[in-house]
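One structure is given below, encoded as structure tokens.
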Amino acid sequence: MTIRLAASRSRAAFGVSAAVLAAFFLIGCQGEDEAEERPPRPVRTVAVSFNPDDTYGSLVGEIRPRTETSFSFRQGGEIRERDVEVGDLVEVGTVLARLDAEDAQDAVRKAEANLFSAQAQSQNAETERARQQQLYPRTSTRQALEAATAQASMAQAGVDAAQAGLRIAQTNLDNRVLKANAAGVVTAIGGEVGQVVGGGQMVVRVAQLGTRDAVFQVPEATIQTTGGDARVDVQLLSNPNIKATGTVREISPTADPITRNFTVRVGLDTAPDEFRFGSAVRGTIQFSGEPAARLPIAALFSQGDQSAVWIVDAANSTTKLVPVEVHRFDAMDFLVTKGLSSGDNVVVAGVQQLRPGMPVRLLEGSAE
């Protein structure tokens, strides 16, 4: 009886073990089938393109005058006339505005009267000196002659002082009239007729038309890479066919407190007429150097200590990890000089989930 029970239990245990093994076998087969039937992973790619020059990219800026003058009165007063408006062309000597000049005119008339009086006194004193010169030494004394000479000198000094006072009064009167000292166009108005302005307060701003700058806000990393002698290609944003070239002329010594960018002024060699003040332009910095391909940061993959990117084999649509040599990192992309060939399709989305030889499917907008 005991022997039969043990045999029965042995057959039951064998049956359970066989069932478990069969189940694991079936699960393994299903996993292999599912792996084989898994659809290709969708990816987005870009085509590699090597340029003969290492191009930083482009920044959007605006056209500004190289020389812009803010005209103001040297002393305060009430504006009686303003002869220009924004957009008016002015020449050298064009009257821009006038202040109330009644007090200044009275000062000039007073200075003229003082000068006339001083000249009359000087003439009388000189006549007396000449008379004493003729009388000495027959009927006049040396003391009288010296006194007449001193009086004539004092009278002449009074004339000099009166002349200086007249010049000052005339200058104050002339300063009541604001005139342009260079040809240009009016870009801003800071005072209206009837307004009382202080000395040095901007009344009219004039930009000279001769030379123009393209002004950009440039990140610090770009400035450190390019230096101050880079050539810049500038094109009009609304019409890229209108172009000009220039050289970095000025780099702001301090960064903007908000954007942390530096203001860079590019002096244009010859600016077309379409480059009006305030026009939006795109500037591209060119450097002569080893050809490089620009890729977005999202395409970068780290393989240990080596930088790499995933490329898609066009023949069988599978992935391949390729080590690359990175020339420089910029804000949103990086430059590759070695490891890729022109026309390679580099994966730029989902690179962290790829494996070598994985089948992929190109999304719309990808390079083919």
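The values are calculated or read from the model by the stated rules, or taken from the named source; none is laboratory data. This structure is a prediction, so every number in the text was calculated from the model and none was measured. Every residue, glycine as well, gets a Cβ built from its backbone with ideal geometry; the counts of neighbours run over all protein chains shown. Note: accessible area is taken over every heavy atom of the protein model, side chains too, but ligands, DNA and RNA are not part of it. Shrake-Rupley method; radii C 1.70, N 1.55, O 1.52, S 1.80 Å.
The table for this structure:
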{"item": "Under 26 Å from residue 179, Cα to Cα: lysines that are on another chain or at least 8 residues apart", "result": "110"}
{"item": "Nearest-10 value in Å² for the accessible area of residue 260, using the 1.4 Å probe", "result": "140"}
{"item": "Stretch gain in nm, segment residue 141-residue 124, where the contour uses 0.36 nm per residue and the Cα spacing is subtracted", "result": "4.2 nm"}
{"item": "Sulfur and carbon atoms: percent of accessible area, segment 54-177 [1.4 Å]", "result": "48"}
{"item": "Alpha carbon convex hull of segment 146-197, volume per residue in cubic angstrom", "result": "102"}
{"item": "Estimated distance in nm for a label pair at residue 338 and residue 211, the labels positioned 7 Å out from Cα along Cα-to-Cβ", "result": "4.4"}
{"item": "Accessible-area order (highest first, 1.4 angstrom probe) of the listed residues 154, 358", "result": "154, 358"}
{"item": "Cα-only Debye scattering, segment 35-161: base-10 log of I(q)/I(0) at q = 0.13, 0.15 Å⁻¹", "result": "-0.86, -0.94"}
{"item": "Given charges at beta-carbon only (K, R positive; D, E negative), |dipole| of segment 79-229 in Debye", "result": "840"}
{"item": "Surface accessible to a 1.4 Å probe, residue 237 within the full protein complex, Å²", "result": "70"}
{"item": "Local electrostatic count, residue 156, Cβ distance below 11 Å [Lys/Arg +1, Asp/Glu -1]", "result": "-1"}
